[in-house]
């Protein structure tokens, strides 16, 4: 990916900072005339402050205003304003800063040197400078939007890849279940008939060689049935990977799910180990779907997974809460059936499922199951 970046994106930041400070200094040099020490000091401060504009964009911009008031310079305040617009999402602040720059550039220096004729020209120059200040603001916002879009495209691709993996696992599970049914209903039935017929023939046969042959057939049939039962058990298990045969997830797998979720997640609480397998599966799937939705619809949010049990021991469940997103998100493709499926699963077990936004702009899902849900 590095080779696809434009050449200017591969230039080290210190080199860019040095060039910007040098250009700003040249702009100041050509603007200096008979100015005194105060003007020169403000100009030097404005140029040097550009070296740390990435860390303190607002402070650096404010430091360029005195030089803009005292001297006819443009580059230093424009560079500071562009950096601020690239990093700030508060548009009211950006508009305020652009107005401050226009006022500083249009105001006369010294401030008392203002005639009636100059007032008209100052007002015209103010609006002209304000329109010019929109350029670094718009460029900075454009670069910020481009960076956000690139990040969102990466998240969309990751979400699609995750959905493709889940779909492949679901198809594999369905195929295994279908194959298990076929083996149980057809192959096992036919092998059982072979064993029964061989047993009957062993009893009825008179020839010792025939008896030995059908005894071998019956023995092999019984062994094959035992192997088939084990294979059916394995095939009915839902594998996490295409090359593995693993059992359905339980509460013991929650720690790995949280650790590999790709978001900042805090797992709290615990539940008794004797919970029924269907209930454990429902709790796990609820957490899995909730964390997937956080990844897709709340970029940059953190999540809290809380396992809980009622004081009277009659109910238990899980609550997954995420904070508001810290970055804009784009609509992601999906079936929109995840929460519906969780609600149906909860109702089958005699429980309830709730979901909705929180007061601070986040989202919460809550699963409640009877303590003895089977």
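Just so you know, all these numbers are worked out from the coordinates, no wet-lab data involved. Bear in mind that the values here come from a model prediction, so they are computed numbers and not experimental data. Methodologically, a virtual Cβ is constructed for each residue, glycine included, from the backbone with ideal geometry; neighbour enumeration extends over all protein chains shown.
Give me 73, 16 ranked fewest to most by other Cβ atoms within 10 Å of their Cβ, as a rough exposure proxy. Mind dumping the intermediate values first?
Numbers: 73 23, 16 12.
Fewest to most other Cβ atoms nearby, the residues stand as 16, 73.
Report the label-to-label distance for residue 308 and residue 359 in nanometres (one decimal), using points 7 Å from each Cα along the Cα→Cβ vector.
Distance between the two pseudo-spin positions: 1.5 nm.
Ranked by Cβ crowding within 10 angstrom, fewest neighbours first, how are 263, 20 ordered?
If I rank by nearby Cβ atoms, fewest first, I get 263, 20.
Obtain the nm distance between the two label points defined at residue 10 and residue 277 by a simple spin-label model: each point lies 7 Å from its Cα along the Cα-to-C-beta direction.
Each label point lies 7 Å from its Cα, and together they span 5.6 nm.
Pop the C-beta distance of residue 153 and residue 222 into the FRET formula with R0 = 41 Å and round what comes out to the nearest 0.05. Mind dumping the intermediate values first?
Working: r = 59 Å, r/R0 = 1.44.
E between residue 153 and residue 222, to the nearest 0.05, is 0.10.
Work out the FRET efficiency for residue 30 and residue 89 from their Cβ-Cβ distance, taking R0 = 41 Å, and round it to the nearest 0.05.
Numbers: r = 35 Å, r/R0 = 0.86.
Step by step, r from the Cβ atoms, then E = 0.70.
Report the gain in length on full extension from residue 161 to residue 372: 0.36 nm times residue separation, minus Cα-Cα distance, nm rounded to one decimal.
In short, 72.3 nm is gained.
Cut-off is 10 Å between beta-carbons; in what order do 201, 69 appear when sorted fewest neighbours first?
Ascending Cβ contact count within 10 Å gives the list 201, 69.
If I model a spin label at residue 347 and residue 174 as a point 7 Å from the Cα along the Cα→Cβ vector, what separation in nanometres do I get?
2.2 nm
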